[in-house]
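Below: one structure, written as structure tokens.
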Amino acid sequence: MLSIEYYFKTYFLQLCTFAFPWVNSEEIAKDIVQDAFIVLMDKPELLEKGERVIKSFLYTSVKNMAMNAKRRDRVFDKIRDAITIPESDDRNILDDLINAELIGALHRELDQLPEGCQRICRLIYLDGMKYDEVAQELDVSVNTVKTQRMRAINLLKTKFLNLVLNFLLF
Amino acid sequence: MIETDKIVLAELASLLLKEGQLPTAQENELRRLLEKYPDAKDSLRHRLANTDIHVPFDLRITDLDQEWKILKTKYNERKIAPNYHRLNGNWKPAIRIAAALLLLFTFVWIWKSYLKPVNYLIPDKVYGQKNDVLPGENGAILKIKGQDEINLMNKQVDGSLPQGIELKDGKLLYSQLKTEESNPIHTLIVPKRSTIALTLSDGTRVWVNSESELTYKANFEKNERTVRLKGEAYFEVAKDTKRPFVVEANDLNVQAIGTAFDINSYKPNAKVLLTEGRLKVNGQENEIFIDAGNGVKMINSQLVAFPIPDMEEATAWKDGYFYFENKSMQQILDELSRWYGIKIDSNVSLDKRRYKGGIKRDVTLAEVCNLLKDLTGYQLTIDKEKLIVNKLVDKK
């Protein structure tokens, strides 16, 4: 049986991704996911039912809470009446689920990279540093930076390299 | 509940997107699920053709260990929150006495409430409350030193107003009197369920909020214009460089020449929000100058300036709106209590979350409660002149 901590650390980010389109706020999305886990912690018997059931429970809780949060916002909009009311509540749940699963999977994969690769990739892709800047920052040679980058790309099992690069570049 | 099949579908789809292909068994499973949920086909097709991913915010800087700690703290705090003390035997006589006293008080209270019927309670047919409460109105009581009080709510009030003062469209207008023989102190008492706008003798416009008091001279002196405020008021000060306009509220002394600002002094620590011009604010220990768009509040008897995130906080109430942006439940309830003249009876400890939203002040209490239920997740029940606050029970 897997622990709550395992579920939390594995699924937190993708659940946030799932909640976000409803609430449009990083903070609110995180709060909602935290709240969903608090509900789960009150139902330890669910843990025995396996990963899929727990995922279903978490996604469903997050969806309901996010929809409530959005409904509240819409009430506010109505009162301010100038702002246009969003067309519909019905997001494409399946598409949102796929997106969340994909981001979760990519994220876990990137986390698996050896520390050195990860750091170099982060500096290159996240901080937009040039190879020589990274080399200077980490006090290694430019060649090491290049090989570590290649190693990271090779280690990533994905065939859709663009996907990962886009992801990193975001 | 989101079906586990949908989750499996999403897992397989994401694996396909990530790896480009699937082992046969899983591919067959995915095909089966796509037949079951054909809507997913388009989504998958689109994603296969297009490698964009929608990352809502920078997920990588999210520290999962930190988030896990936050969760545990939240969970523990919630668990220890209800903290009831058990009573031991010695308390029993005391409880009896308390119960008897309570009963007595109840009788006195019921008797008193018969004596003073209130006319702002109406039946509620829309929101399922026991009754509804009408919103407050324009009105105030004017007290002139050495004279009878004048209730400005009365329709035929004009005759009783001193010369130079008139009530026009619910607004009180002072004109500058030429004679200076008598210049008494006026106190405008604005009770709960009321608000009033007035123009002072120098042309300064003031909006006084519920449960507030403004004291001033009918005619200002030659060298100064000083008023004293309890509660909340918004000032649009008429420009007069020779006579600074001074508002005294709690420990604050606010000096203006020609500006517009809101002072809220319901709490011991008054707060000033400046919407136009420039102000000098004196506190117990320091003085501070601020420009429009900034506020001043007292923290540990020191004045501190801060930028106002949203000017509407200062002006919304005078324009007839409740403005809940960035306010806590306690602040929201305080405002309702002042405007609807109700008592708040909270059965739960109110969390410190801040809300956003707003509603016109001329609606009935039940309508506001209906909005707040959606906005805050608290159940608000009206019982005559009482508003009972409970946690909303989730419907499963």
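The values are calculated or read from the model by the stated rules, or taken from the named source; none is laboratory data. As the structure is a computational prediction, the values presented were derived from the model and not from experiment. Reconstructed Cβ throughout: ideal geometry from the backbone, glycine too, with neighbour counts over all protein chains shown.
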| Of everything in the stretch B:241-276 that's charged (D, E, K, R) and in contact with a strand residue (DSSP E or B) (Cβ under 8 Å, 6 or more places away or on another chain), which residue is surrounded by the most Cβ atoms within 10 Å (Cβ to Cβ)? | B:D262
| said: Can you say whether B:T195 is assigned to a strand (DSSP E or B) and under 22 Å from B:A292 (Cα atoms), as far as the supplied structure shows? | reply: no
| Can you tell which of B:E232, B:E149, B:E221 is in the same structural domain as B:Q302 (by TED's automatic domain parsing), over 31 Å from the mean Cα position of the chain (by Cα) and acidic (D, E)? | B:E221
| request: State whether one or more residues within the stretch B:343-351 are among the hydroxyl-bearing types (S, T, Y), modelled with pLDDT under 90, surrounded by fewer than 16 Cβ atoms within 10 Å (Cβ to Cβ) and over 29 Å from B:I388 (Cβ atoms). | output: no
| query | Taking the stretch B:333-364 as the region of interest, how many residues are within 13 Å of another protein chain (Cβ to nearest Cβ) and aliphatic (A, V, I, L, M)? | reply | 2
| Does B:V281 count as surrounded by fewer than 16 Cβ atoms within 10 Å (Cβ to Cβ) and either under 13 Å from the mean Cα position of the chain (by Cα) or hydrophobic (A, V, I, L, M, F, W, C) (or both)? | no
| message | For the stretch B:108-162, give me each residue that is β-branched (V, I, T), more than 27 Å from B:K360 (Cα to Cα) and modelled with pLDDT of 85 or more. | response | B:I144, B:I150
| said: Can you name every one of the helices (runs of 4 or more DSSP H) wholly within the stretch B:1-55 that holds 2 or more residues which are at the interface with another protein chain (Cβ under 9 Å from one of its Cβ atoms) and of a type outside the set (D, E, K, R)? | reply: B:4-19, B:39-49
| Given the residues B:L167, B:L229, which is the only one that is touching a residue at least 12 places away in the same chain (Cβ under 8 Å) and under 17 Å from B:N264 (Cβ atoms)? | B:L229
| Is it true that B:L229 is more than 23 Å from B:R338 (Cα to Cα) and either assigned to a loop (DSSP other than H, G, I, E, B) or at pLDDT 85 or above (or both)? | no
| task | Output the residues belonging to the stretch B:374-396 that are in contact with a strand residue (DSSP E or B) (Cβ under 6 Å, 6 or more places away or on another chain), of a type outside the set (A, V, I, L, M), surrounded by fewer than 18 Cβ atoms within 10 Å (Cβ to Cβ) and more than 22 Å from B:K192 (Cα to Cα). | result | B:Q379, B:N390
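To keep it simple, each residue is scored yes or no on (1) aliphatic (A, V, I, L, M); (2) assigned by TED's automatic domain parsing to the domain that holds B:T259; (3) at pLDDT below 90.
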{"position": "B:V296", "(1), (2), (3)": "yes, yes, no"}
{"position": "B:S301", "(1), (2), (3)": "no, yes, yes"}
{"position": "B:P307", "(1), (2), (3)": "no, yes, yes"}
{"position": "B:D334", "(1), (2), (3)": "no, no, no"}
{"position": "B:S337", "(1), (2), (3)": "no, no, no"}
{"position": "B:T364", "(1), (2), (3)": "no, no, no"}
{"position": "B:L375", "(1), (2), (3)": "yes, no, yes"}
| field | Residue, farthest from B:K74 (Cα to Cα), within the stretch A:14-46, restricted to residues that are more than 7 Å from every other protein chain (Cβ to nearest Cβ) and of a type in the set (D, E) | value | A:E45
| message | Going residue by residue through the stretch B:21-34, is there one that turns out to be modelled with pLDDT under 90 and hydrophobic (A, V, I, L, M, F, W, C)? | response | yes
| field | Looking only at the stretch B:352-363, and only at residues there that are within 12 Å of the chain's Cα centre (by Cα) and without any contact (Cβ under 8 Å) to a residue 60 or more places away in the chain, the one that is surrounded by the most Cβ atoms within 10 Å (Cβ to Cβ) | value | B:G357
| field | Whichever residue in the stretch B:1-37 is in contact with a Ser or Thr (Cβ under 9 Å, 6 or more places away or on another chain) and either small (G, A, S) or more than 18 Å from A:K63 (Cβ to Cβ) (or both) and, among such residues, is surrounded by the most Cβ atoms within 10 Å (Cβ to Cβ) | value | B:A13
